[in-house]
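Student: Encoded as structure tokens, here's the structure I'll be asking about.
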Amino acid sequence: MKENDELQLIDPAIMTHVAGLDADGLWQLTLERLDELKRLESFHSPALHGLSYGMEHFEKVFWMFYEEDPDQVRWGLIHDLGFIGKPLRIDAWAASGYLDHAWSADVTTSRELIPEWDEESDAHYFAVLFDVLDADHLDLIAGSLDSFRKLGFADDPAARLTVRTMAKTLRGDSTLRAAYIYQT
Amino acid sequence: MDEETRKPDEPQPQPAWQITPTRKVTWDCIDCLVIEDQELIDLRDRGENPDKYWAEGWTLTLGQVRRSDFNVDQDGRYHRVYPARYWINKLKITKSMRRVLARNSDLKIVTRPLRITPGKENLYLAFHLNRFGCAPREPLNKRYQYIVYHPARLMETCCFLDEELIAFSIFEVGDYSIWSNLGVWSQAHAARSLGTLTILKEIEYARAHGLMHYYLGHYNPRDARYLYKSRFRPLELYDWDNQRWIGFDAPRTAQMLREPLRRRGD
């Protein structure tokens, strides 16, 4: 159980796309994006553990997991393809520029992107709740980090830089967003 | 969800003489007998849901459950208080409540996991000073220090006017009930009935999630600030002496609300 929330870049379009795929669609997408999946340092797609034993084994493992828990396979792909880079740990105080602002009441959340998982599925346990943020929301968070620095609280220059870099990335690529991930 | 399968285990009612008050307090040289129970239980460790505890008048804190049938006012006087609850599917939304919702349709309102922020701390301090004439015993970030370890899921409803946070409430979510912890609003917008608004939003949340009971803290018949709870109907109060919930309009309730704290020798 983590105490701090996280900020991470996401690709909402791929998340929605994966959420709507059937079994064959999931397999095809896995093959198309296999190189990208292989480069991940940590992953949620359970079948990826079978990659080191060859493609034939990987395919068997994929279908085995899909038959056992299709939601978990789907959630694994959503996580592995939809969340980009490393998350930034951030507490609510630091993010208060966003949480205390009216814009936080207007955002899309993960509930609109991703379906409700079956309670029996591992996806239900591992899935996260997040708000979908754009660059302006990230500026609010950067603003609260700045305010606390000026008030003499402990400064976290790495966090400030990361948030500003995320905002710049979003401004350069309109397909991307940031997720404010609630740790619950 | 089917009410029958989610009904909490209701304890068997006990006659008044079987209640065992656990602590003696002295008030104006009159000894009173009160119920004040506390048990160290980690509900998360036990995998238990909080609902059955709420159904017996307990409140939850980190690592323990507590209940008491009294509170102390600012003048140091002890009053008997009664947990209040409502059945979500029977709750009546009156015309005046609909007017409150309509009056506040220009607000941006969000319900999400609780996060303590400076905006909420400032609003809470101002609210407490205005309503109770003193600062709160502890700030919110101390009261809710370990949110992820709390035995029930903690949620907030925040109300924004333009860019300003003007009201929020904090509530706990169990498997089939919610417990309203705190409602805070800006006195500058008192005409908006923001306290009622946050309650209505919590009720909306409970309805949307198919929950059964809505607990709204304690009812103190001797403190006018708590009487708003009887505007929401039908209201049930916990009868400490018989360990069961009774309707606000039941004959026993009128008698119960008139009773002072029991004195030694009664």
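Every number in this text was worked out from the coordinates using simple rules, so none of it is lab data. As the structure is a prediction and not an experimental result, all values here were calculated from the model. Every residue, glycine among them, receives a Cβ derived from its backbone with ideal geometry; neighbour counts consider all protein chains shown.
Student: When Rg is the radius of gyration of the Cα atoms in the range A:5-181 and Rh is its Kirkwood radius, what does Rg/Rh come to? All intermediate terms of the calculation are to be shown ahead of the outcome.
Tutor: Working: Rg = 18.0 Å, Rh = 17.4 Å.
Ratio of gyration radius to Kirkwood radius: 1.03.
Student: Within 10 Å of each Cβ in A:100-113, how many Cβ atoms from other chains are there, averaged over the peptide? List each step's numbers first, then the result.
Tutor: Details: counts 14, 7, 13, 3, 7, 10, 3, 2, 0, 2, 0, 0, 0, 0.
Across A:100-113, the average partner-chain Cβ count within 10 Å equals 4.
Student: Quick one: give the max-minus-min coordinate of the C-alpha atoms of the range B:138-266 along each principal axis, largest first, in Å.
Tutor: Rounded to whole Å, the extents work out to 56, 36, 33 Å.
Student: Given axes a ≥ b ≥ c from the Cα gyration tensor, I'd like to know whether the range B:94-157 is rounded (a/c under 1.5), prolate (a/b larger than b/c) or oblate. Present the calculation step by step, with values, prior to reporting the outcome.
Tutor: Numbers: a/c = 2.31, a/b = 1.37, b/c = 1.68.
Since a/c reaches 1.5 but b/c is at least a/b, the shape of the range B:94-157 is classed as oblate.
Student: Thinking of the protein assembly as shown as a set of Cα atoms, what percent of all their pairs are more than 37 Å apart?
Tutor: Values: 36751 of 101025 pairs.
That tail contains 36 percent of the Cα-Cα pairs.
Student: Report the antiparallel proportion of the DSSP beta bridges in the protein assembly as shown as a percent, rounded to a multiple of 5. Don't jump to the answer; show the numbers that get you there.
Tutor: On the way: 67 of 70 bridges.
Looking only at bridges with both residues in the protein assembly as shown, the antiparallel portion is about 95 percent.
Student: List the relative contact order of the range B:168-266 as a percent without decimals, with contacts defined as Cα pairs under 8 Å and 6+ residues apart. Mind dumping the intermediate values first?
Tutor: Values: 97 pairs, mean separation 18.2, N = 99.
Computed over the range B:168-266, the figure is 18 percent.
Student: In percent, how large is the relative contact order of the range A:68-184, given Cα pairs closer than 8 Å and 6 or more residues apart?
Tutor: Values: 114 pairs, mean separation 35.1, N = 117.
Value for the range A:68-184: 30 percent.
Student: Which whole number gives the average count of other chain Cβ atoms within 10 Å of the Cβ atoms across peptide B:104-117? Can you show the working numbers first?
Tutor: Numbers: counts 0, 0, 0, 2, 6, 2, 8, 1, 9, 6, 3, 11, 5, 12.
For peptide B:104-117, the averaged partner shielding equals 5.
Student: Now for a separate question. Relative contact order for chain B: what percent, with Cα pairs under 8 Å and sequence separation of 6 or more? Working shown, then result.
Tutor: Details: 447 pairs, mean separation 66.5, N = 266.
That works out to 25 percent.
Student: Can I ask one more? Compute, for the protein assembly as shown, the length of the dipole vector about the Cα centre, with Cβ point charges of +1 (Lys, Arg) and -1 (Asp, Glu) only. Units Debye, rounded to 20. Kindly include the intermediate steps, with their values, before the conclusion.
Tutor: Numbers: 57 positive and 70 negative charges, 519 e Å.
My answer is approximately 2500 debye.
Student: In Å and whole numbers, how far do the C-alpha atoms of chain B stretch along each principal axis, longest first?
Tutor: The Cα atoms of chain B stretch 59, 46, 41 Å along the principal axes, largest first.
Student: On a C-alpha basis, how far is the centre of the range A:159-184 from the centre of the range B:148-168 in Å? Whole number, if you could?
Tutor: First find each Cα centre; the distance between them is then 23 Å.
Student: If you don't mind, another one. Would you work out which of A:Leu48, A:Leu29, A:Leu138 lies farthest towards the positive end of the dipole of the range A:5-181, given +1 charges on the beta-carbon of Lys and Arg and -1 on that of Asp and Glu, about the Cα centre?
Tutor: The one lying farthest along the dipole's positive direction is A:Leu138.
Student: Okay, next question. Under 1.5 on a/c is rounded, so check that first for the range B:70-210, then, if it is not, pick prolate when a/b is larger than b/c and oblate when it is not; a ≥ b ≥ c are the square roots of the alpha carbon gyration tensor eigenvalues. If you can, show how the numbers build up before the last one.
Tutor: Numbers: a/c = 1.24, a/b = 1.13, b/c = 1.10.
Rounded, because the longest to shortest axis ratio a/c is under 1.5.
Student: Hey, if you put +1 on the Cβ of every Lys and Arg and -1 on every Asp and Glu Cβ in the protein assembly as shown, which of B:Gly210, A:Ala158, B:Leu91 ends up farthest toward the positive end of that dipole?
Tutor: Value: B:Leu91.
Student: Moving to a separate point now. What is the order of A:Ile14, B:Ile116, fewest Cβ neighbours within 10 Å to most? Walk me through the numbers on the way to the answer.
Tutor: Details: A:Ile14 20, B:Ile116 24.
Result, fewest neighbours first: A:Ile14, B:Ile116.
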